[in-house]
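As structure tokens, the structure follows; a few thoughts come after it.
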Amino acid sequence: MATLKNSESLDRLRESLKERGERGARLVSLCAGSGCAAYGTGRVYRALKEELARQGMEGDVEVKLTGCHGFCEKGPIMVLHPEGFFYPQVKEEQIPEIVEKSIKGGELIESLVFKDPVTKKMIPYERDVPFYRLQQRIIFGNNGIIDPTNIEDYIAVGGYSALQRALFEMTPEEIIEEIKRSGLRGRGGGGFPTGIKWESCRRHEGERYVICNADEGDPGAYMDRSLLEGNPHSVVEGMIIGAVAIGSREGYVYVRHEYPLAVKNLTKALEAAEEYGLLGRDILGSGFDFEIRISRGGGAFVCGESTALMASLEGNPGRPRAKYVHTVARGFRQNPSNLNNVETWANVPVIINRGADWYASIGTENSKGTKIFSLVGKVVNTGLVEVPMGTSLRTIIYDIGGGIPKKKQFKAVQTGGPSGGCIPGQFLDLGVDFDELAKVGSMMGSGGMIVMDQDTCMVDVARYFLDFLKEESCGQCTPCREGIKQMLEILTNICEGHGKEGDISLLEELGGMVKKFSLCGLGTSAPNPVLTTIRYFRDEYEAHIRDKRCPAGVCKNLFHYEIDPDTCTGCRLCALKCPQGAISGEKKKPHKLDQDKCIKCGVCYDACKFGAVLIK
């Protein structure tokens, strides 16, 4: 492929790719994101290629390894186009039948299609699966149809057309104004208006830098990873447009070391973009120069904070600094620096192509566009969900997520990662956006959403997240370092049965101090899990402290298992599964549990089908 020397040559390439696609071979899309790869995409892919070769069909079928489709628990996912047949959890032994009946014959194999776990209905087409049908995938949608290692796939679906507009049809000021009018806010957690940040950075003199924050460290969150794995060019294009807008010649992507596939696909994307003349010197003959480098972080959660990230990028310890001087004025190498996260950059080409008015029509008054959430925990359908801002928690958890498994009761959902708040059932109809989440003590964060059911102990949840944050604190400022440590000690004592009167008030006082006086966002948001669980689940704290009882049966020092003799049928299932041999009794007669031998593992509780094992 010769380097594209001007905008017209890119247009010609795109048209030729579209024509080739229209008369091309049948397409099989196979998810190769990290989740599906772990389920065995590689084996399925090899089996498919071998079977197509055996039947002499290689030239008639295009097999495309794509990025994450979002429905991660159903991997490996295969979609057959043009019909849109959706086959989840494909196994290599099913490939001969798929090739013979579906690929060759166009026939639907009913035994392989998706079965809705809620309605029990068979749903053959991807577009009709509730998990997808209720989403609006303007950022994530191309993940399922393009090969992330092939730049021409991205160009064929309109890739780099926004860059053309930015270079040849718009001034830097017009680009910034378009982003401002769109209402795009940073998707990394802070929610600061993106266009205003760009405008501020452009005003400051110096060697300006464009930086992408891909240091996604929230437990259970993997939105940025999946975007970089599945559609890296959308991020690259967004960064180049940002560089044109603020007048930058150099950019960096700061990505977690634990994301090898994201780094691999991003590296290929940067190499291809430079080879095609879309990155580097004299982009598309415009006279504009811009290059992007990758920097791999060491896994420190605090490096998701802007000043800590830039310190790490410079080769220094990742420690935050006071923000009386903003990074748009003096950031990386003490120069003006514009930092946005992966999802924010991926929104930029969409806005430039479809217009600020169209984008601003999606979402709520102060939170525009869509947001990708990582929906995990005690929910039927887990995965990545892209919905308009303002979509209710109920819609996300029940309509898209399928509700709570095993007909258990919803208890809470934590949004915003380990520093987010825990939101109870009374707010299930809350519209999810920056402002509404803040009103109930939580935050958007990068988009993590962890669902909890009736068997979750909220005191233990607060303890877990505070333990995580204690380890991830850089230790630089006393309020964060010592405050989190002291709060964690109190929570640990409560969970172990050593809580005392006054602990709840002390936690609230310490939490307020840590929020007010910590240096960076990690410390100022760290008390959120504690303060919201106290606010909405105070009765659980009181039960732990006053009654020495864990209502959810999680804190082992505060409960024990008993077998109800009136309910026990003597089926012996609990006795057979007990790893300690703590349960005894004759068949068809009530059993007994030896408390001295019991290690409170809960195996007997889960095994009993008659509700005879009780938590006391």
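Values in this text are rule-based calculations from the coordinates and carry no lab data. Just so it is clear, the model here is predicted, and its values are computed rather than measured. A quick note on method: Cβ atoms are made from the backbone with ideal geometry, for glycine too, and the neighbour counts reach across all protein chains shown.
Remarks
- Ranked by the mean number of other Cβ atoms within 10 Å of their residues, highest first, the peptides 465-475, 95-105, 582-592 come out as 465-475, 95-105, 582-592.
- Per-residue Karplus couplings for segment 424-433, computed as 6.51 cos²θ - 1.76 cosθ + 1.60 with θ equal to phi - 60°, are listed in order as x, x, 5, 10, 4, 8, 5, x, 7, 8 Hz, Gly and Pro entered as x.
- Neighbour counting of Cβ atoms within 10 Å sorts the residues 326, 544, fewest neighbours leading, into 326, 544.
- All Cα pairs of segment 151-360, percent lying beyond 25 Å: 31
- Share of pairwise Cα-Cα distances greater than 20 Å in segment 370-453 is 18 percent (whole percent).
- For residue 104, the aspartates and glutamates whose Cα falls under 20 Å of its own Cα, not counting residues fewer than eight places away in the same chain, are 22, 50, 51, 58, 60, 62, 83, 92, 93, 126.
- Computed FRET value (nearest 0.05) for residue 249 with residue 535, which takes r as the C-beta separation and R₀ as 30 Å: 0.05
- Residue pairs, from the table 101/121; 408/600; 115/589, whose Cα atoms sit over 29 Å apart: 115/589
- Among 209, 324, sorting on how many other beta-carbon atoms sit within 10 Å of each Cβ, with the fewest leading, yields 324, 209.
- Here the Kirkwood formula puts the hydrodynamic radius of segment 560-615 at 10.7 Å, using every distinct Cα pair.
- Taken over the chain, the percentage of Cα pairs per 10 Å bin, counting from 0 up to the bin with the maximum distance, is 3, 15, 23, 24, 18, 10, 5, 1, 0.
- Take the Cα of residue 121, step 7 Å toward its Cβ, do the same at residue 516, and the gap between the two points is 5.5 nm.
- From least to most packed, judged by other beta carbons within 10 angstrom and beginning with the fewest, 155, 211 follow the order 155, 211.
- Around the amide H of residue 341, modelled in the peptide plane, lie the amide H atoms of 187, 188, 213, all under 5 Å away and 5 or more residues distant in sequence or on another chain.
- Linear extension gain, residue 271 paired with residue 16, 0.36 nm per residue minus alpha-carbon span: 89.6 nm
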